[in-house]
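Working notes for the structure below.
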Amino acid sequence: MSEKRIALVTGGNKGIGLEIARQLAQADIKIIIGSRDQDRASAAIRQLASEGLSAGFVRIDLDDWSSAAAAAEKFGAEHGLLDILINNAGIFDFADGKPGQADLDAVRKVMNTNFVGTLAVTQAFLPLLRKAPAARIVNLSSSLGSLALNGDPSSTYYANQFIGYNASKAALNMLTIQLHEELRGTSIAVNSVSPGFVKTDLTGYGTMTPEEGARLPVRFALDDKGSGRFVEPDGETPW
């Protein structure tokens, strides 16, 4: 069993997830990348190795909930516990859109992946998190998941109406709130963190680099910053 703290980063093979894995590894955290594609994960692991950083791999597919249980069983046998869970993996579908126009299959896929898939991973790994001295769960949310900002015409995010994606992040925030209540009195902290408007291959545009976007999730993974919060780089985000 490892003496280092150990972190699982879902979707850690690219984008913000890879940057989170890199920054946590630089902070002397043992990294396991959760990915549905072993080849892509292997490429990310080689990239980190070229920088003097090490990482492992476990297969997790948010569309295949049984993979989460299998991953947790394998993880537990190898490592015994989990200190940090970064629920980063997620998708965006350009067939999504306003409620009156969104493709229903796209909405279903986004909700199943971003919310139900993340719930499946969290359920599967919760017993291992309970074994850690002071575990952290960081849910990668978005300001687009704020009900308050979706209803505020003065908000920067008001025009970004994607019913599937926005609802999936609002549901993820509900997971944060309810987990916080369920875990009250334990040593596990859970928070929703919006990294900011990061340019990745998820959407292809943004104002921040993945490196910049990874900083806030990493801070919440490493430090005691409370539990049951919804934050973005500028501060607290309204639910």
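Since every read-out is calculated from the coordinates, none of them should be taken as a lab result. On a predicted model such as this, the values are computed, not experimentally measured, just so you know. Ideal geometry is used to build each Cβ from the backbone, glycine not excepted, and the neighbour counts take in all protein chains shown.
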What's the angle, to the nearest 10 degrees (0 to 90), between helix 38-50's Cα axis and the longest principal axis of the chain? 70 degrees
Of Ser142, Ser42, Ser194, the most mobile residue in a GNM of the chain (C-alpha springs, cutoff 10 Å) is Ser42
With Cα springs under 10 Å, the Gaussian network model of the chain assigns the largest mean-square fluctuation among Ala106, Ala135, Ala189 to Ala106
Fewest Cβ neighbours within 10 Å first, please rank Met208, Met174 accordingly. Met174, Met208
Starting from the Cα gyration tensor of region 135-239, take the square roots of the eigenvalues, sort them a ≥ b ≥ c, and report rounded, prolate or oblate (rounded when a/c is under 1.5, otherwise prolate if a/b is larger than b/c, else oblate). oblate
Subset of Lys109/Lys169; Lys109/Lys131; Lys30/Lys74; Lys169/Lys225 violating a 24 Å alpha-carbon distance limit: Lys109/Lys131
Nearest 10 degrees, 0 to 90: helix 163-182 Cα axis against the chain principal axis: 50 degrees
Provide, as a two-decimal number, the C-alpha radius of gyration of the chain over 2.2 N^0.38 Å, N being how many residues it has. 0.95
By how many degrees, 0 to 90 and rounded to 10, does the Cα axis of helix 15-26 deviate from the longest principal axis of the chain? 30 degrees
With a 10 Å cut-off between alpha carbons and a GNM built on the chain, which of Glu73, Glu182, Glu211 moves the most? Glu182
What net charge is computed for the residues neighbouring Ala106, neighbours being all others with C-beta under 9 Å from the C-beta of Ala106, Lys and Arg scored +1, Asp and Glu -1? -2
Shape call, region 103-151: gyration tensor on alpha carbons, a/c limit 1.5: oblate
Please say if region 40-133 is rounded, prolate or oblate, where rounded means a/c under 1.5 for a ≥ b ≥ c the square roots of the C-alpha gyration tensor eigenvalues, and otherwise the choice is prolate for a/b larger than b/c and oblate otherwise? oblate
So if I take the centroid of the Cα atoms in region 140-197 and the same for region 60-123, what is the distance between those two points in Å? 15 Å
